[in-house]
1. Could you look through the range 159-208, keep only residues that are surrounded by 14 or more Cβ atoms within 10 Å (Cβ to Cβ), polar (S, T, N, Q) and within 21 Å of Leu126 (Cα to Cα), and pick out the one that is farthest from the chain's Cα centre (by Cα)?
2. Restricting attention to the range 291-316, which residues are closer than 24 Å to Cys96 by Cα and over 19 Å from the mean Cα position of the chain (by Cα)?
3. Can you work out which of the residues in the range 317-327 that are touching a helix residue (DSSP H, G or I) at 6+ places or on another chain (Cβ under 9 Å) and without any contact (Cβ under 8 Å) to a residue 40 or more places away in the chain is farthest from Ala20 (Cα to Cα)?
4. Considering only residues that are in contact with a helix residue (DSSP H, G or I) (Cβ under 6 Å, 6 or more places away or on another chain) and either under 26 Å from Val129 (Cβ atoms) or assigned to a helix (DSSP H, G or I) (or both), which ones fall in the range 204-225?
5. When the range 60-99 is examined, which residues are found to be closer than 29 Å to Leu267 by Cα and either without any contact (Cβ under 8 Å) to a residue 24 or more places away in the chain or of a type in the set (Lys, Arg) (or both)?
6. For the subset of the range 248-274 comprising residues that are part of a loop (DSSP other than H, G, I, E, B) and among the hydrophobic types (A, V, I, L, M, F, W, C), which member is surrounded by the most Cβ atoms within 10 Å (Cβ to Cβ)?
7. Residues of the range 335-351 being charged (D, E, K, R) and under 18 Å from Asp282 (Cβ atoms), which ones?
Amino acid sequence: MERSSPNTLYSIQALRALAAAWVVIYHQINAERVYGAGVSVLGGLAHFGFAGVDLFFVISGFIMATVTSGRFGKPTAAADFLGKRVIRIYPLYWICTAAILAVLAVRPSALDPALAEKSVMESLLLLPVQGGPLLVVGWTLTYELYFYVLTAIALAAASQRTVPWLLGAWAVGLALAQLLPAQSPWAILVTSPLAFEFIAGALAGLYWRRLTVAAAWGILAVGITWLLGACALLIDMPNHGESPGTRTLAFGPAAALIVAGLARLELADKIRVPRVAVLLGDASYSLYLTHLFVLSICGRLAASFAMTGSALGNWAFFIMSFIATCCVAMIVHRLIERPMLRLGHGAWRRLQGKPKRLGQPLTSND
């Protein structure tokens with residue numbers, strides 16, 4: 001797919017699609033355990049789907065460094081940035097959380113009983129809570145909001161040239177924080193090594209344009225090799241290295257190298273991104289939030305039709321449920337997410353007293 005403008009990076013959208021797809025595959029493990037053969041048709045490789053979250057965090061850092069370039073030292077820019085992030089995150093998340101609350105009210109036996117004990121208000125606000133919010137995948141959004149708040153503070157108080165130093169200081173502080181016990185949800189959030197992935201992505205976002213094409217090919221190769229090597233080393237480990245520290249070291253640097261390399265190669269017109277990957281990347285947030293609902297429905301349908309049990313049936317369930325999650329995500333993105341973003345951004349601009357922009361394309365980066 002050809003780029004529509006010099007500032008468009010379809011490779012990042014494709015990586016978003018990949019990250020969301022990995023998470024879907026990871027959660028298909030449980031669906032296959034409950035409704036299928038008891039184990040994933042992909043075996044241990046499916047467990048590495050959790051690395052989709054690590055890729056998401058790196059992409060987030062990359063995008064934040066890119067969209068905030070040249071805007072530091074401006075409190076108004078900080079408010080504008082944070083307002084757009086809130087519009088991006090909360091509305092669809094609230095709809096999905098409301099769906100869980102509705103099921104709990106009508107048929108609580110259909111969900112994990114532990115969900116009934118979670119705080120609704122803390123879940124809706126995405127505050128750090130023990131055990132995470134009502135919507136299981138929402139814990140990552142708590143981290144994203146934390147990163148956004150720190151970015152907004154930097155936008156208001158720092159200058160562009162101090163950004164690398166601030167990222168370095170944050171990294172040093174995080175490293176020292178690993179020596180201290182973190183027990184409360186807030187302490188775990190602030191000291192989590194997962195923030196290293198956001199930092200790595202932000203550094204990639206600051207310097208990727210300086211890469212030569214040869215260097216971009218090189219770091220892309222190193223990133224892919226690192227990723228495959230990490231999977232090979234962790235395949236037989238308990239939980240496949242899912243602990244925050246292990247996954248950060250295993251997948252964070254690889255993701256940052258891959259993101260920077262692909263972005264630079266696309267800028268140089270050395271690669272083309274398939275249109276379907278871009279479309280799924282646009283719908284990646286919808287996919288991330290809705291896939292658990294779709295997998296549950298697909299699992300119940302498969303069980304009612306006795307679809308699973310044989311190798312062919314298990315593969316059919318895996319493929320059909322994956323396709324279903326992607327199709328539902330694209331529909332939700334088109335009919336719900338995009339209209340809500342338009343309304344939200346329009347209301348935000350009116351609140352700021354800015355004129356309406358005509359012909360401005362909506363991108364998932366807004």
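1. Only one residue fits best here, namely Thr191.
2. Result: Ser296, Ile297, Cys298, Gly299, Arg300, Leu301, Ala302.
3. Within the range 317-327, the match that is farthest from Ala20 (Cα to Cα) is Met320.
4. Within the range 204-225, the first condition is being in contact with a helix residue (DSSP H, G or I) (Cβ under 6 Å, 6 or more places away or on another chain), and the residues that meet it are 204-206, 208, 211, 216, 219-220, 222-223.
Within the range 204-225, Ala204, Gly205, Leu206, Trp208, Ala216, Ile219, Leu220, Val222, Gly223 qualify.
5. Arg71, Lys74, Lys84, Arg85, Arg88
6. Of the residues in the range 248-274, the ones part of a loop (DSSP other than H, G, I, E, B) are 268-274.
If we keep only those that are among the hydrophobic types (A, V, I, L, M, F, W, C) as well, we get 268, 271, 273.
Values: Ala268: 12, Ile271: 17, Val273: 21.
Checked the range 248-274; the qualifying residue surrounded by the most Cβ atoms within 10 Å (Cβ to Cβ) is Val273.
7. Glu337, Arg338, Arg342
So that you can scan it fast, the table gives a plain yes or no per residue for (1) touching a Gly at 6+ places or on another chain (Cβ under 8 Å); (2) surrounded by fewer than 20 Cβ atoms within 10 Å (Cβ to Cβ); (3) closer than 30 Å to Lys354 by Cβ:
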site: Ala21; (1), (2), (3): yes, no, no
site: Asn30; (1), (2), (3): no, yes, no
site: Leu42; (1), (2), (3): no, yes, no
site: Gly49; (1), (2), (3): no, no, no
site: Phe57; (1), (2), (3): yes, no, no
site: Leu82; (1), (2), (3): no, yes, yes
site: Tyr90; (1), (2), (3): no, yes, yes
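The values are calculated or read from the model by the stated rules, or taken from the named source; none is laboratory data. Quick caveat, the model's predicted, so the values are computed rather than measured. Positions of Cβ are backbone-derived with ideal geometry, glycine not excepted, and every protein chain shown enters the neighbour counts.
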